[in-house]
1. Would you confirm whether any residue within region B:53-70 is within 13 Å of chain A (Cβ to nearest Cβ), crowded, with 19+ Cβ neighbours inside 10 Å and either out of contact with any Asp or Glu (no Cβ under 6 Å at 6 or more places or on another chain) or of a type in the set (V, I, T) (or both)?
2. Restricting attention to region A:164-180, does a residue exist that is in contact (Cβ under 8 Å) with a residue 12 or more places away in the chain and surrounded by 20 or more Cβ atoms within 10 Å (Cβ to Cβ)?
3. Suppose we keep only residues that are of a type in the set (G, A, S) and in a helix (DSSP H, G or I) within region B:77-121. Which one would you say is farthest from the other protein chains (Cβ to nearest Cβ)?
4. Return the pair list, or none, for Cβ contacts closer than 7 Å from residues in region A:48-61 that are over 12 Å from A:V150 (Cβ atoms) and basic (K, R) to residues that are at pLDDT 95 or above and buried (at least 17 other Cβ atoms within 10 Å of the Cβ), at least 6 apart or on different chains.
5. If I filter region A:144-157 for residues that are without any contact (Cβ under 8 Å) to a residue 24 or more places away in the chain and either of a type outside the set (A, V, I, L, M, F, W, C) or farther than 21 Å from A:P225 by Cα (or both), do I get at least one hit?
6. Within the group A:G184, A:G195, which residue is modelled with pLDDT of 95 or more and in contact with a His (Cβ under 8 Å, 6 or more places away or on another chain)?
7. Is at least one residue of region A:174-182 aliphatic (A, V, I, L, M) and more than 19 Å from the chain's Cα centre (by Cα)?
8. Name the single residue, out of those in region B:79-108 being more than 24 Å from B:A202 (Cα to Cα) and not aliphatic (A, V, I, L, M), that is surrounded by the fewest Cβ atoms within 10 Å (Cβ to Cβ).
Amino acid sequence: MSEGPSDQMHGPAAFGQGPAAIVLDAANPRRRARALDDLAGGFRRWRLARALAWLDIRNRYRGSVLGPFWLSLSTAVMLVGLGILYSALLRVQVGEYLPFLGISLICWNMIAQTVGEGCVAFTGAEGTIRQMRLPYTTHVLRVVMRNAIVTAHNLPLIVLIFLIFGLTPDWGLLLLPVGLLILGINAFAVTMLLGMLCARFRDVGQIVGSVMQIAFFMTPIIWKPESLKENAWIVMLNPFYVIMETVRGPIIEGGGAPLAWALALLVTALVVAFSFAFFVRFRARIAFWV
Amino acid sequence: MANISAEGLTIEFPLYHAGARSLKKRVLAATPLRLRTDNANRIVVSALRDLTFSIEHGERVALVGPNGAGKTTLLRALAGIYEPVGGKLAVEGTIGSLIDTSAGMDIDSTGRENIRLNGLYRGMTEPQIEALSEEIVAFAGLGEFIDVPIRTYSAGMGVRLSFALATAMQPQVLLMDEWLLAGDAEFLERAKARLEHVVTNAEILVIATHDTKIVRTWCTRAIRLEGGRITADGDVDSILG
């Protein structure tokens, strides 16, 4: 017969530290404090989110020989096709164009997938949300980690591109961790926001899908900003571009434009602020929405 | 000391995706009992309406009432899943909720992997999970099946595992939706002793059930819910009659 120590209990004991107690008062909801508790609790229990992320990947690719490497393979195939076609269409050298296209596609795939899966961050976890008290942050972190792991499977492809085209990374590569951090923060904030919006308004997911499709063509992924000639500055108004630039820049462009970095920080601040405000206001409603 | 207190606790479910307009016409005119429009002109179901009660250390409370009375919603509110729309709720003590014991299980993972996952859900650390794991494995008594995906389990094997998990730890406030042992005869004797141990050692028990025998055996107090309101609250005999 087991008699576990009380600090092993689920529910508020594990959820917040200190004495196990919940006080919920509709007249005094303490929304901000409780949202911060949720975030802290979710990050403190990152192991749960990580375990769920791996589980998702394992279940998604169960029985598949290549598993998540299928994504790298399909990126590679797309890369060869698009690379040959567009280097002819845009009249640029394959050797110059393909590395750009490759890194761009990998970055974009990560962004597009996270946004798409962010839409179902909460509705997809309906079963657990209604049955146990967990930080909502856990569900968001699960989506972000899952996509980070999947994207990491593209690493061999990047190395391959570098080897084939004889590129050597320069000092700009040192900025990559910062770029990835910015990307991660945005992924988290956007997943949180879209997860809530899509739980409440079921049409948002469809809208997001269309927007992302258009954004793929509007963002310099298969074309370079330089091809806009004197209008190249206009890409700076594209939030996808500046965020992507913090990852693409360090890998292939010697660090990326300072303006793009500054704007990326601005975009991040706005996205985080908006998402946090929304989370503070509507966190308690998520259980009713899913 | 564990205790629960609710003052004017109200929980409402907005019906977001139900074709509000036609539904409104049809339902509101006819039965203004539990569906109403809120001030944002949405249709809401009043699941719990203005509940005031307190449960002290040592009490064993049965929630009784017809289907749809709000019993499970009240349990979920006590577990902190639904936050009150109106009123106040305070729960002191570690909470163990056996509302749906299969929640969070992954059918493609083995029994052992599910034990680990369950531990993570409960916020345990690896060593704590490790320590508890062997005991759960032994109690579930699934033999070699513990290392097989639970997708392949029979219904009875699934019950064994989720029961072993659910009762592996001792909460101060135990929330149960129906008595866990319903129907599993072969496993019953050992399981009964274990469940009784957990129930007896909890400082507060709140159980939603239709089984009057369970209520009479285990509970010291019964709260009757009807239509989201408390219609009677008192000792078991006076409520069940």
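1. Here is the first cut: in region B:53-70, the ones within 13 Å of chain A (Cβ to nearest Cβ) are none.
Scanning region B:53-70, I find no residue that is within 13 Å of chain A (Cβ to nearest Cβ), crowded, with 19+ Cβ neighbours inside 10 Å and either out of contact with any Asp or Glu (no Cβ under 6 Å at 6 or more places or on another chain) or of a type in the set (V, I, T) (or both), so the answer is no.
2. Yes: region A:164-180 contains one or more residues that are in contact (Cβ under 8 Å) with a residue 12 or more places away in the chain and surrounded by 20 or more Cβ atoms within 10 Å (Cβ to Cβ).
3. Restricting attention to region B:77-121, the residues satisfying the condition of being of a type in the set (G, A, S) are B:77, B:79-80, B:86-87, B:90, B:93, B:96-97, B:102-104, B:109, B:111, B:119.
Checking the rest, the ones that are also in a helix (DSSP H, G or I) come to B:77, B:111, B:119.
Details: B:A77: 8, B:G111: 15, B:G119: 9 Å.
Out of the qualifying residues, it is B:G111.
4. These pairs meet every condition: A:R50/A:M145.
5. Let us first name the residues in region A:144-157 that are without any contact (Cβ under 8 Å) to a residue 24 or more places away in the chain, namely A:152, A:155.
Then drop every residue that is not either of a type outside the set (A, V, I, L, M, F, W, C) or farther than 21 Å from A:P225 by Cα (or both), which leaves A:152, A:155.
Scanning region A:144-157, I find at least one residue that is without any contact (Cβ under 8 Å) to a residue 24 or more places away in the chain and either of a type outside the set (A, V, I, L, M, F, W, C) or farther than 21 Å from A:P225 by Cα (or both), so the answer is yes.
6. Working: A:G184 fails: in contact with a His (Cβ under 8 Å, 6 or more places away or on another chain).
Going through A:G184, A:G195 in turn, the sole match is A:G195.
7. First pass over region A:174-182, keeping only residues aliphatic (A, V, I, L, M): A:174-176, A:178, A:180-182.
Next, from what is left, pick out any that are more than 19 Å from the chain's Cα centre (by Cα): A:174.
There is at least one residue in region A:174-182 that is aliphatic (A, V, I, L, M) and more than 19 Å from the chain's Cα centre (by Cα).
8. Restricting attention to region B:79-108, the residues satisfying the condition of being more than 24 Å from B:A202 (Cα to Cα) are B:84-87, B:105-108.
Keeping just the survivors that are not aliphatic (A, V, I, L, M) gives B:84, B:86-87, B:106, B:108.
On the way: B:P84: 23, B:G86: 16, B:G87: 20, B:D106: 19, B:D108: 13.
Among those that are more than 24 Å from B:A202 (Cα to Cα) and not aliphatic (A, V, I, L, M), it is B:D108.
The values are calculated or read from the model by the stated rules, or taken from the named source; none is laboratory data. No experiment lies behind these values; they were computed from the predicted model shown. Cβ: placed from backbone, ideal geometry, glycine included. Neighbour counts: every protein chain shown.
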